[in-house]
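First the structure, in the form of structure tokens, and then the observations on it.
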Protein chains: 2
Amino acid sequence: MYSSKYLELLIEELVKLPSVGQKSAQRLALHLLRVPREDALRLAEAIRAVRERVGFCGTCGNFSEADPCALCSDPQRDGALVCVVEQPGDVLAFERTGTYRGRYHVLGGALSPLEGTSPEQLRIRELLERLRPPADGSPGVRELILATNPNVNGEATALYLSRLVAPLGVKVTRIARGVPMGSDLEYSDLVTLSRALEGRREVE
Amino acid sequence: MYSSKYLELLIEELVKLPSVGQKSAQRLALHLLRVPREDALRLAEAIRAVRERVGFCGTCGNFSEADPCALCSDPQRDGALVCVVEQPGDVLAFERTGTYRGRYHVLGGALSPLEGTSPEQLRIRELLERLRPPADGSPGVRELILATNPNVNGEATALYLSRLVAPLGVKVTRIARGVPMGSDLEYSDLVTLSRALEGRREVE
């Protein structure tokens, strides 16, 4: 039983978040009651704003309140390089590395016969649109990096896209799949290890 | 770099929560963008409501929008039994057990010479008030359970309270300290093991 109905309601909402259990939800709720009022209200407002203002970028398909989004309209980023990912979370993962300076294209998923995801349900038409040489003669996309997930659906999607894009004369690359950094070869799975051998490169 | 300013702001707020790192904050933010809009807004509203409506119960000192709180005013609970805890989170922990049917008293901390917490800063005056026999002759508090933390400050607070309450003729008990259930004796610390021996009880 809770001493406060509002506390109980908050815990009920928090427990719906991914990987937040009953105990974590209680701890988070008490935290929100203890911090300065403005801090808690700022979080509430940030959640509200994100749902009331944020839509999708018409170019890359990522979450954005502006169209084109901040990434697509940043002149510092190389528009000739487009990295194709499945989900907005993948963009965040690449941005965390801090090494990629090109643009993105979010498909919104991967091809999956099992889950019934067909090409029309992904942002593939929009991708082909982006790959068309610009009418004003400016240099268009030079390289398409396929960064779908290294699993069955992601690999199938990458294969599908590479064949679809081949006639357009755009260079198509796939991110390297191999043993992850910091891992232990002894515990690597067969598929990863086979792929690492297959993808070996000459030491320079 | 983020594709959306509002997404970035939300991640900034989420990362301030306890045990939420950059990656978890990003995952939570994307989750809040993916779920039905009403679900996200309900969380925002629950946070706002908790900060705008919830204060403290004048009796037990726990968080509550009503005074007395739902626990203090529940006629099903035994008012003759009062469990003294340091923080509201401790009440939640006892309520999770589902076995305690008495009332609570939240001190708001523990005595700590190091951190400069003196008896006046805890809700001890209010506790003594509760222990006074009711003027209407109804039965008052019969037993006071000291459930402060089993550490230096909590033990000191329990000792202080037991001496303070002794003249009032109220039975004062302390929760059992010993080896935690499911633990391995081999890895128990010295103090816990000594306390478990000291607190041994005859098998009935």
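The values are calculated or read from the model by the stated rules, or taken from the named source; none is laboratory data. Just so it is clear, the model here is predicted, and its values are computed rather than measured. Quick reminder, even Gly has a Cβ in these numbers, built from the backbone with ideal geometry, and neighbours come from all protein chains shown. Surface areas here come from the heavy atoms of the whole protein model, side chains and all, with no ligands, DNA or RNA. Shrake-Rupley method; radii C 1.70, N 1.55, O 1.52, S 1.80 Å.
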- Determine whether residue B:46 is assigned to a helix (DSSP H, G or I), free of Cβ contacts under 8 Å to residues at least 60 places away in the same chain and surrounded by 21 or more Cβ atoms within 10 Å (Cβ to Cβ). yes
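Name every residue in segment A:60-78 that is hydroxyl-bearing (Ser, Thr, Tyr) and open to solvent by 50 Å² or more (accessible area, probe 1.4 Å), in order of residue number. Lay out the reasoning, then the answer.
Residues of segment A:60-78 that are hydroxyl-bearing (Ser, Thr, Tyr), as a first pass: A:64, A:73.
Selection gives A:73 alone.
Within segment B:124-155, work out how many residues are on the phi > 0 side of the Ramachandran plot and either open to solvent by 90 Å² or more (accessible area, probe 1.4 Å) or part of a helix (DSSP H, G or I) (or both).
Total satisfying the criteria: 0.
Looking only at segment A:79-95, count how many residues are out of contact with any helix residue (DSSP H, G or I) (no Cβ under 9 Å at 6 or more places or on another chain) and surrounded by 17 or more Cβ atoms within 10 Å (Cβ to Cβ). If you could, list the steps in order and put the result at the bottom.
So the first thing to find is which residues in segment A:79-95 are out of contact with any helix residue (DSSP H, G or I) (no Cβ under 9 Å at 6 or more places or on another chain), and the list is A:79-81, A:90-91, A:94-95.
Checking which are surrounded by 17 or more Cβ atoms within 10 Å (Cβ to Cβ) leaves us with A:79, A:81, A:90-91, A:94.
The total comes to 5.
Those residues that are of a type outside the set (Gly, Ala, Ser), facing chain A (nearest Cβ under 7 Å) and surrounded by 16 or more Cβ atoms within 10 Å (Cβ to Cβ), I need them from segment B:49-59; list them, please.
Kept after step one, since they are of a type outside the set (Gly, Ala, Ser), are these residues of segment B:49-59: B:50-54, B:56-57, B:59.
Restricting the remaining residues to those that are facing chain A (nearest Cβ under 7 Å) gives B:50-51, B:53-54, B:57.
Correct list: B:50, B:51, B:54, B:57.
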Only unsatisfied item for residue A:12, checking (1) closer than 18 Å to residue B:45 by Cβ; (2) at the interface with chain B (Cβ under 7 Å from one of its Cβ atoms), is (2)
Among residues of segment A:34-43 being within 7 Å of chain B (Cβ to nearest Cβ) and open to solvent by 80 Å² or more (accessible area, probe 1.4 Å), the residue farthest from residue B:96 (Cα to Cα) is A:42
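Residues checked against (1) part of a helix (DSSP H, G or I); (2) over 17 Å from residue A:55 (Cα atoms); (3) over 29 Å from the mean Cα position of the chain (by Cα):
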{"site": "B:8", "(1), (2), (3)": "yes, no, yes"}
{"site": "B:13", "(1), (2), (3)": "yes, yes, no"}
{"site": "B:27", "(1), (2), (3)": "yes, yes, yes"}
{"site": "B:31", "(1), (2), (3)": "yes, no, yes"}
{"site": "B:42", "(1), (2), (3)": "yes, yes, no"}
{"site": "B:58", "(1), (2), (3)": "no, yes, no"}
- Among the residues of segment B:107-123, is any within 14 Å of chain A (Cβ to nearest Cβ), open to solvent by less than 30 Å² (accessible area, probe 1.4 Å) and under 26 Å from residue B:53 (Cβ atoms)? yes
Note on residue B:164: of the conditions (1) touching a residue at least 40 places away in the same chain (Cβ under 8 Å); (2) in contact with a Pro (Cβ under 9 Å, 6 or more places away or on another chain); (3) open to solvent by 50 Å² or more (accessible area, probe 1.4 Å); (4) in a loop (DSSP other than H, G, I, E, B), unmet is (4)
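Give segment B:73-85 a look and list any residue that's more than 8 Å from chain A (Cβ to nearest Cβ) and part of a loop (DSSP other than H, G, I, E, B), or say none.
So the first thing to find is which residues in segment B:73-85 are more than 8 Å from chain A (Cβ to nearest Cβ), and the list is B:73, B:75-85.
Listed by number, the residues that qualify are B:73, B:75, B:76, B:77.
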Residue hits (segment B:167-198; open to solvent by 90 Å² or more (accessible area, probe 1.4 Å) and either touching a Gly at 6+ places or on another chain (Cβ under 7 Å) or within 24 Å of residue B:116 (Cβ to Cβ) (or both)) are B:176
By residue number, the members of segment A:17-33 that are facing chain B (nearest Cβ under 7 Å) and open to solvent by 50 Å² or more (accessible area, probe 1.4 Å) are A:27
